Amino acid sequence: MDIDDILREVDPVSHQIPQETRDLQDLTRAWVAERSTPELLPWPSNGLFERINDKIKRQIEKVEEMTGDMDPKTNFALIVIQTELERYKYLVRSFLRTRIAKIDKHLLHYISNDNLRTRMSQIEEAYARRHQLLLHNHYLNSFLGTFPPAMQNLNDTAGNISMIDSPDLDSAVFIRLLKDAEIECHGVDVDGVLTGKEGDIVILRWSDAKGLVERGDAELV
């Protein structure tokens, strides 16, 4: 049993884990999950990033107050605070850059579908729409403007062939089972069902793992 297993088994309510500790755990798990999956995951809707941003702002203010103090004890505390601050900033930056990279890569895929748009934050959706508008205007000025109007769309699906590039949901991911579960696997030549035990780490297609993760039966690692 590793530290993640211990943290997972602890009941935050009954054991009175501080909110900031839970937020750091949630941020780390969200970061790992986002970097592991080929598609954009839903934006955390529990106020996590609002609390994280407030935490970073308070830490920056505290660092500014303590800077210049020559007391060795204070200086050591300052180093600890700065280290923690950099950890938070790294996780947030990496998480956001990963999401922006996914949006940029499959822009029309996310903004053309109502359900997929709900996965983005308001700022991400505004960014995606502005980005798509700039791209479309650039293409119009570069070459699309010379085409007939019916051929200027970037999301055409004529002939049952979509121009919209989508994420590869069959990309491989690693998951850790949080409880005993049946794992449905779809292979190239044959499909099958595996019996997984709590704590098992399995590699499989994201399309097969997605249901387990969404139900809380597994987590991405």
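Applying the criteria of a DSSP loop state and at most 13 other Cβ atoms within 10 Å to the trypsin sites (Lys or Arg not before Pro) of the range 136-221 yields LYS179, LYS197. What a 1.4 Å probe finds exposed on the chain is 55% carbon and sulfur by accessible area, rounded to a whole percent.
When peptides 53-61, 30-38, 187-195 are ranked by their average number of other Cβ atoms within 10 Å per residue, the highest-first order is 30-38, 53-61, 187-195. For the chain, take the longest principal axis of its alpha carbons; what is the angle in degrees between that and the long axis of helix 19-36, to the nearest 10 within 0 to 90? It is inclined by approximately 30 degrees. Normalising the average separation of contacting C-alpha pairs (under 8 angstrom, six or more residues apart) by the number of residues puts the relative contact order of the range 38-139 at 33 percent.
Distance from the alpha carbon centroid of the range 31-90 to that of the range 131-195 works out to 34 angstrom. Over the range 142-184, the Kirkwood radius and the radius of gyration, each from Cα atoms, give a ratio Rg/Rh of 1.35. The alpha-carbon of LYS89 sits under 17 angstrom from the alpha-carbons of these aspartates and glutamates, leaving out residues fewer than 8 places away in its chain: GLU20, ASP23, ASP26, GLU34, GLU50, ASP54, GLU61, GLU64. A full extension of the chain between ASN155 and GLU65 corresponds to an added length of 27.1 nm, given 0.36 nm per residue minus the alpha carbon distance.
Rounded to the nearest 10 degrees, the angle from helix 72-105 to the longest Cα principal axis of the chain is 10 degrees.
Here, P(r) means the percent of Cα pairs in each 5 Å bin from 0 to the largest distance; for the chain it is 1, 5, 11, 13, 14, 14, 12, 10, 8, 6, 4, 2, 1, 0, 0.
Taking the Cβ of GLU182 as the center, what net charge do the other residues with Cβ under 14 Å away carry, scoring Lys and Arg +1 and Asp and Glu -1?
Result for the local shell: -4.
The mean accessible area for residues of the chain, using a 1.4 Å probe and ignoring ligands and nucleic acids, is 63 Å² per residue. Loop-located chymotrypsin sites (Phe, Trp or Tyr not before Pro) in the range 74-175 (DSSP state other than H, G, I, E, B) with a sparse environment of at most 13 neighbouring Cβ atoms within 10 Å: PHE143. Considering helices alone, the calculated mean residue ellipticity of the chain at 222 nm is -17500 deg cm²/dmol, with DSSP H runs of length four and up weighted by -39500 (n - 2.57) and normalised per residue.
Fraction of C-alpha pairs exceeding 13 angstrom in the range 110-183: 78 percent, rounded to a whole number. Within the straight-line cut-off of under 21 Å between alpha carbons, the lysines reachable from LYS210 are LYS102, LYS105, LYS179, LYS197, sequence neighbours fewer than 8 places apart in one chain being disregarded.
The values are calculated or read from the model by the stated rules, or taken from the named source; none is laboratory data. Quick caveat, the model's predicted, so the values are computed rather than measured. Glycine also receives a Cβ, built like all others from the backbone with ideal geometry; neighbour counts cover every protein chain displayed. Each accessible area value is taken on the protein alone, full model and side chains, heavy atoms only, with ligands, DNA and RNA left out. Shrake-Rupley method; radii C 1.70, N 1.55, O 1.52, S 1.80 Å.
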